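All of the numbers you see were taken from the coordinates with simple rules; none came from a lab. All figures in this text were calculated on a predicted structure; none of them were measured in a lab. Heads up, the Cβs are rebuilt from the backbone with ideal geometry, glycines too, and the neighbour counts pull from every protein chain shown.
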Amino acid sequence: MRVQRANGRRTGELRPLTITRGYTKGSPGSVLIRLGDTTVLCTASVEESVPEWRKASGLGWLTAEYDMLPGSTGRRRPRARIKPDGRATEIQRLIGRALRSVVDFAKLGPRTIWLDCDVLQADGGTRSAAITGAGVALADAVGWLKGQSLIAASPLRESVAAVSVGKVDGRILLDLDYAEDVRAAVDFNVAMTASGRLVEVQGGAEGDTFTRADLDRMLQVAAGGIRQLIAAQKQALRQKQTRRSGTADERR
């Protein structure tokens with residue numbers, strides 16, 4: 001028997017989405033993204049240096065960190081005080097790869113942008129929400145760099161966002177919440193740019209298999225969701241944001 005999706009969502013419909021810029025005042029980019037009941041705080045910080053291995057190139061760098069706060073799920077998660085667990089490490093690498101794919105590091109110059117993604121509440125799709133929110137935080141950090149005359153031109157080539165998609169009860173569903181994710185026979189996370197170029201497709205089957213037609217359909221549904229997410233990113237960035245006070249050093 002097919003189970004009705006929460007809130008009566010259609011198979012290819014995203015959960016309710018809000019993107020709040022300038023959520024905290026201490027970073028050049030700070031975004032709270034809510035996708036259904038999943039809530040992630042994404043901050044972008046600027047550091048006027050690059051890793052040692054990058055110094056001779058004259059290019060900039062971008063890296064990401066991801067964590068789930070203790071109260072983000074029903075059962076308390078211990079804090080990762082020394083190093084993140086394997087899942088968090090894999091996700092923060094995904095976030096970094098996704099955002100680096102749209103950055104011209106020559107235009108960024110020899111500095112690093114840190115993207116910190118902290119899950120405040122988890123109900124499925126935290127990694128894709130983190131990528132989507134971090135994309136907006138990155139754009140705001142770039143705007144701050146231009147405003148400070150630290151860069152001459154934007155290093156962002158285009159937008160990038162991500163979404164989950166899966167096969168649940170025989171149906172291809174977009175943007176799985178937790179209840180759907182745990183029942184999914186197949187699930188994927190897809191990151192894609194505004195021009196429709198894939199950055200990453202990760203996923204697989206759990207106790208079942210899927211056909212090439214299933215895969216093609218999942219990518220088609222994911223692409224439709226990502227177009228909606230990128231439109232929401234652009235709409236959020238068009239809205240006027242009051243720049244909070246703070247010195248350059250405080251923001252770094």
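Which of the residues spanning the range 45-68 are without any contact (Cβ under 8 Å) to a residue 60 or more places away in the chain, of a type in the set (A, V, I, L, M) and in contact with a strand residue (DSSP E or B) (Cβ under 6 Å, 6 or more places away or on another chain)?
Within the range 45-68, M68 is the sole residue that qualifies.
Yes or no, residue by residue, for (1) under 23 Å from I91 (Cβ atoms); (2) among the polar types (S, T, N, Q); (3) surrounded by 16 or more Cβ atoms within 10 Å (Cβ to Cβ):
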{"position": "R5", "(1), (2), (3)": "no, no, yes"}
{"position": "T18", "(1), (2), (3)": "yes, yes, no"}
{"position": "V31", "(1), (2), (3)": "yes, no, yes"}
{"position": "R34", "(1), (2), (3)": "yes, no, yes"}
{"position": "V40", "(1), (2), (3)": "yes, no, yes"}
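Looking at the range 214-235 only, could you name the residues that are acidic (D, E) and loosely packed, with under 15 Cβ neighbours inside 10 Å?
Step one: filter the range 214-235 for residues acidic (D, E), giving 214, 216.
D216, the sole residue that qualifies.
Of the residues that sit in the range 48-58 and are part of a loop (DSSP other than H, G, I, E, B) and surrounded by fewer than 17 Cβ atoms within 10 Å (Cβ to Cβ), which one is farthest from the chain's Cα centre (by Cα)?
Once the filter is applied, the top-ranked residue is G58.
Residues being assigned to a loop (DSSP other than H, G, I, E, B) and touching a strand residue (DSSP E or B) at 6+ places or on another chain (Cβ under 6 Å): count how many of those fall in the range 200-219.
Number satisfying all stated conditions: 1.
Surrounded by fewer than 16 Cβ atoms within 10 Å (Cβ to Cβ), more than 13 Å from the chain's Cα centre (by Cα) and within 30 Å of A6 (Cα to Cα) - does that describe any residue in the range 86-108?
The answer is yes, given that some residue of the range 86-108 is surrounded by fewer than 16 Cβ atoms within 10 Å (Cβ to Cβ), more than 13 Å from the chain's Cα centre (by Cα) and within 30 Å of A6 (Cα to Cα).
Listed here are the residues, each with its yes/no results for (1) under 17 Å from L59 (Cα atoms); (2) hydrophobic (A, V, I, L, M, F, W, C); (3) touching a His at 6+ places or on another chain (Cβ under 9 Å).
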site: G124; (1), (2), (3): no, no, no
site: R127; (1), (2), (3): no, no, no
site: A130; (1), (2), (3): no, yes, no
site: D140; (1), (2), (3): no, no, no
site: W144; (1), (2), (3): no, yes, no
site: L150; (1), (2), (3): yes, yes, no
site: L156; (1), (2), (3): yes, yes, no
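Please state which of the following conditions V182 fails to meet, knowing it meets all the rest: (1) touching a residue at least 12 places away in the same chain (Cβ under 8 Å); (2) farther than 17 Å from I95 by Cα.
(1)
I want to confirm something. Restricting to the range 181-204 and keeping residues that are closer than 15 Å to S164 by Cβ and among the small types (G, A, S), which single residue is nearest to the chain's Cα centre (by Cα)?
That would be A191.
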